Amino acid sequence: MLRSRDNARIKHWHALAHDGRARRSERRALLEGAHLLAAFLGSGGRPIALLVSETGRGNAEIAALVRRAGAAPTLVADSLFRWVVDVTTPAGVAAEIEIPEPAADATWGDCVFLEGVQDAGNVGAILRSAAAFGVRGAVLDKDCADPWSPKVLRAAMGAHFSLAIQRSADLAAAVAAFGGTTVSAAAHGGRTLGEIDLGERVGWILGGEGQGVSTALARLATQSATIGLAPGTESLNVAAAAAILFYERARRNAACAAPCS
C-alpha cells in the first residue's frame, strides 16, 4: 500500500489531477469515481493504471470494475488518495487514462465551439448536453476551462467518451474551416429558434459567462440565434442556453425522422 506523498507514482497522479500543464504535456488524465470509470470502460477504454483506496477495496462495485478493467490496482492509503484526487469525499477508485486524439473534424457531424467558457462546471454541463442531444464534436479555445480537469470530468458525467474534444489556439480558424451551418448564440438581436435554418451539419458557437461570443467570432457565423425569455429576464447561463439549442436541433431531427401519418 502506498502511504507517502514522496512516491513517484503518487506525485505523477497528483499532478494529473491538479496541473493542466501536466495533462497537456503527457496527454494523460485522472478519472475519479465508479461512474466515470464505468463510462470509460463502456466506451472500450482501458486504463493505464488503477488506484483504489483502503476504503474502496471493500466495495463490491469497485471490485467488479477492477475485474472488468483487467488491470491490477494500486492500493493507496485513504488520506493520500484524497490528496491525489482533489475530492473531499472520494468514491475510492481512480484511473489514469490516455487523453484520446480526436478524429478528423469532418467525421464529427454537429459540433460546439466554446470561446472563453472559464467555469469548469459550465464546460462539463455543455459537454454532457452535447452528448445527450447528438452533438459529436467540441472545440474549446485556450481561455476555456481544461476539458480534462477533474471538475469538468465530474460535471460531464462520462460525456467525454462519446465526444471528439479538441483545444484550439485559433478558434476563429476552426470555425471558418467547419464547412457547415454555424450558429452564434446571442443574448439579444438574433433570430428566434423557430426562425434559424439548421443545415445537415451545425456548428454552435457559445461564448463565456458575461461577455458572450466576441464580435469577431460572431461575424464568422452564418446565423445568430437568441432564445426567447420571459420579460425582465436578462439572459441564461451558458450551459442552460447550450442545452436548449442542442435540444432544438435534436427535436427537429426527430421530427424529420418520424414517419408521416
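Structure summary
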| quantity | calculated |
| --- | --- |
| Index of the failed condition, Thr89 passing every other in (1) surrounded by fewer than 16 Cβ atoms within 10 Å (Cβ to Cβ); (2) touching a residue at least 40 places away in the same chain (Cβ under 8 Å); (3) β-branched (Val, Ile, Thr) | (2) |
| Elements of type helices (runs of 4 or more DSSP H) in the range 1-58, at least 3 residues being closer than 25 Å to Ala159 by Cα and either touching a strand residue (DSSP E or B) at 6+ places or on another chain (Cβ under 6 Å) or of a type in the set (A, V, I, L, M, F, W, C) (or both) | 8-18, 34-42 |
| Scan of the range 176-185 for residues that are surrounded by fewer than 20 Cβ atoms within 10 Å (Cβ to Cβ), assigned to a loop (DSSP other than H, G, I, E, B) and on the phi < 0 side of the Ramachandran plot, ordered by number | Ala177, Gly180 |
| Failed item in (1) outside the structural domain of Gly212 (by TED's automatic domain parsing); (2) touching a residue at least 40 places away in the same chain (Cβ under 8 Å); (3) assigned to a loop (DSSP other than H, G, I, E, B); (4) over 21 Å from Ala22 (Cα atoms), with Leu75 passing the rest | (3) |
| Boolean, Ala241 is touching a strand residue (DSSP E or B) at 6+ places or on another chain (Cβ under 8 Å) and part of a loop (DSSP other than H, G, I, E, B) | no |
| Leading residue by the ranking (farthest from Glu96 (Cα to Cα)) among those in the range 137-150 that are of a type outside the set (D, E, K, R) and part of a loop (DSSP other than H, G, I, E, B) | Cys144 |
| Residues being of a type in the set (A, V, I, L, M), touching a Lys or Arg at 6+ places or on another chain (Cβ under 9 Å) and part of a loop (DSSP other than H, G, I, E, B) - total across the range 193-238 | 1 |
| Subset of the range 124-136 that is touching a residue at least 60 places away in the same chain (Cβ under 8 Å) and in a helix (DSSP H, G or I) - its residue that is farthest from the chain's Cα centre (by Cα) | Ala132 |
| Identity of the residue in the range 19-72, without any contact (Cβ under 8 Å) to a residue 40 or more places away in the chain and among the β-branched types (Val, Ile, Thr), that ends up surrounded by the fewest Cβ atoms within 10 Å (Cβ to Cβ) | Thr55 |
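Let's see how each residue does on (1) of a type outside the set (D, E, K, R); (2) more than 23 Å from the chain's Cα centre (by Cα):
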| position | (1), (2) |
| --- | --- |
| Ser214 | yes, no |
| Ala218 | yes, no |
| Gln223 | yes, yes |
| Gly228 | yes, yes |
| Thr233 | yes, yes |
| Leu236 | yes, no |
| Ala239 | yes, no |
| Ala243 | yes, no |
| Arg249 | no, no |
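The values are calculated or read from the model by the stated rules, or taken from the named source; none is laboratory data. For clarity, every value in this text was computed on a predicted model and none was experimentally measured. Glycine also receives a Cβ, built like all others from the backbone with ideal geometry; neighbour counts cover every protein chain displayed.
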